Amino acid sequence: MGGLTWRDEAGKDSKMMTKYQETDVKKRILEFFYENKSDYVSGEEISASLKFSRASLWKHMGKLRNDGYIIEAVPHLGYILRSTPDKMYGYEIGIGLDTNTIGKQRIWHYESLESTNNKAYELAESGEAEGTLVIAETQTAGRGRLGRKWISPEGGGIYFSLILRPDMESDKIPVITLVAAVSIQKAIKKICGIDAGIKWPNDILIAGKKVCGILTEIKAQPDMVDFLILGVGINVNTPLKKLPIGATSLKKESSGSVSRIKLMRQILTEIEKDYLKLKQDGFNSLRAECKKLSIVLNKQITINEHHRVLEGIAVDIDEKGVLIVKMESGERKRIFSGTILIT
Ligand code: BT5
């Protein structure tokens, strides 16, 4: 933040603060609180460190209060943070986030959007960088694959879209969904201690119930990809009564509330690691992990492909991420996409 100036209440400073800088200030202030845990933090100290006036600091405390933070100011003692809101603010996610690109660009946070994928697509078209994130507390028209709906109630879910710009040929893109599922599975395991399984190609299930879905959309030229939108929906603390039949939440499965912020940070960390590995070493370097976490391999399945229904045993996920299914006749079929039912 060093060197930035902005207008304080008295309008004395030279430059108007942008929204982006403003969220950075919120982040820096919160870092002060978190480092001090339950203690008061001195207004003088924060002002000196961030190089702005006490009046400006007061104004920014007010902005944090407007975002739902309960901050008390006590004369001679300083400020104390009493509670934080359960919101997916980008500046909260950024605190302690140890990535280089993913989540390190702008994080666009909305109370409500039709679909985070639509918004991210618009932003990507206007040139937003790889690693940019769009997050909504609720979606009014959340999308699944093939025109299906993603139910996105407010209060407890994670709905985000990440802009990626992989330098890859279009036919290699489907593996990104598989790899993202692996990354999210690992994040869930680390934060909640739950062993979830991956239902090829885009679902994460716990004990047969769906907890997360992934929708990958691309803009591509005939051979190369312009950008990719990785859209993820997770039922974290969502009440089951607000979810469709066959769905579950992390809270239900781990018998306790889960911090959406911590989970989000872990997801971004895992995605960055696996995405780099994918770009450097190819899908084969992640294939074994992908197969290990798969809940369809060696199972009798029914596959609903766009215009046909097939039955067989899932025997492999090949080096291109294609599902190999052995039919009753012994023939091995390659499945590129579809919806699977484990029978
Ligand atoms: C998916 O599609 O599972 C992809 C879902 C991606 C959602 C994210 S949220 C952020 C971003 N923005 C968007 O607009 N979308 C992405 P599919 O495999 O087609 O599964 C859809 C099916 O999952 C539905 O037909 C329901 O049966 C079921 N479903 C819908 N909402 C659910 C929920 N909240 N939890 C579990 N299952 C759900």
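The values are calculated or read from the model by the stated rules, or taken from the named source; none is laboratory data. These figures come from a predicted structure and were not determined experimentally. Positions of Cβ are backbone-derived with ideal geometry, glycine not excepted, and every protein chain shown enters the neighbour counts. When the accessible area is computed, the model is the full protein with side chains, heavy atoms only, and any ligands, DNA or RNA have been set aside. Shrake-Rupley method; radii C 1.70, N 1.55, O 1.52, S 1.80 Å.
Just going by the charge dipole of the range 193-304, with Lys and Arg at +1 and Asp and Glu at -1 on Cβ, which of Asn284, Val236, Val225 is farthest out on the positive end? Looking along the dipole axis, the top candidate is Val236.
Which of rounded, prolate, oblate describes the range 84-201, given a ≥ b ≥ c as roots of the alpha-carbon gyration tensor eigenvalues and a/c under 1.5 marking rounded, otherwise prolate only if a/b is larger than b/c? Working shown, then result.
On the way: a/c = 1.14, a/b = 1.07, b/c = 1.07.
In terms of gyration-tensor shape, rounded.
For the peptides 284-296, 256-268, the ranking by packing is 256-268, 284-296, with the highest mean count of neighbouring Cβ atoms within 10 Å listed first.
Give, in nm to one decimal, the length gained when the segment between Asn100 and Ser47 is fully stretched (0.36 nm per residue of separation minus the Cα-Cα distance). Intermediate results must be reported in sequence, preceding the final value.
Working: separation 53, 0.36 × 53 = 19.08 nm, distance 2.80 nm.
This chain segment gains 16.3 nm when fully extended.
Accessible surface calculations at 1.4 Å, restricted to protein heavy atoms, place the chain at 48 Å² per residue.
Label-to-label distance for Thr343 and Lys273 is 3.9 nm, based on points extended 7 Å past Cα in the beta-carbon direction. The calculated 222 nm mean residue ellipticity attributable to helices in the chain amounts to -10000 deg cm²/dmol, summing -39500 (n - 2.57) over DSSP H runs of n ≥ 4 and dividing by all residues.
Once a ≥ b ≥ c are taken as the square roots of the eigenvalues of the Cα gyration tensor of the range 227-271, is the result rounded (a/c under 1.5), prolate (a/b larger than b/c) or oblate (a/b not larger than b/c)?
Working: a/c = 3.08, a/b = 1.43, b/c = 2.16.
Oblate.
Spin-label pair Ser255-Lys326: with each label point 7 Å from Cα along the Cα-Cβ axis, the two points sit 4.0 nm from one another. Counting Lys and Arg as +1 and Asp and Glu as -1 over every other residue whose Cβ lies under 13 Å from the Cβ of Glu44, the net charge comes to +1.
With +1 on the Cβ of every Lys and Arg and -1 on the Cβ of every Asp and Glu, and nothing else charged, how large is the dipole of the range 117-237 about its Cα centre, in debye rounded to the nearest 20?
Details: 14 positive and 14 negative charges, 141 e Å.
The dipole magnitude comes to about 680 debye.
Please grab the % of Cα pairs in the chain that end up more than 36 Å from each other. Taking all Cα-Cα pairs of the chain, the fraction more than 36 Å apart is 27 percent. For the range 189-343, the square roots a ≥ b ≥ c of the C-alpha gyration tensor eigenvalues yield an a/c of 1.5 or more together with a/b not exceeding b/c, which makes the shape oblate.
Which percent of the accessible heavy-atom area of the chain goes to carbon and sulfur, probe 1.4 angstrom?
Of the solvent-accessible surface of the chain, carbon and sulfur hold 50 percent.
Cα centroid separation, the range 267-339 to the range 89-130: 28 Å.
Take each of the peptides 314-323, 95-104, average the number of other beta-carbon atoms within 10 Å over its residues, and list them starting from the highest.
Numbers: 314-323: 17.9, 95-104: 16.4.
Ranking the peptides 314-323, 95-104 by packing returns 314-323, 95-104.
Between the amide H of Gln300 and those of Thr343, distances stay under 5 Å, these residues lying 5 or more places away or on another chain, with hydrogens modeled in the peptide plane.
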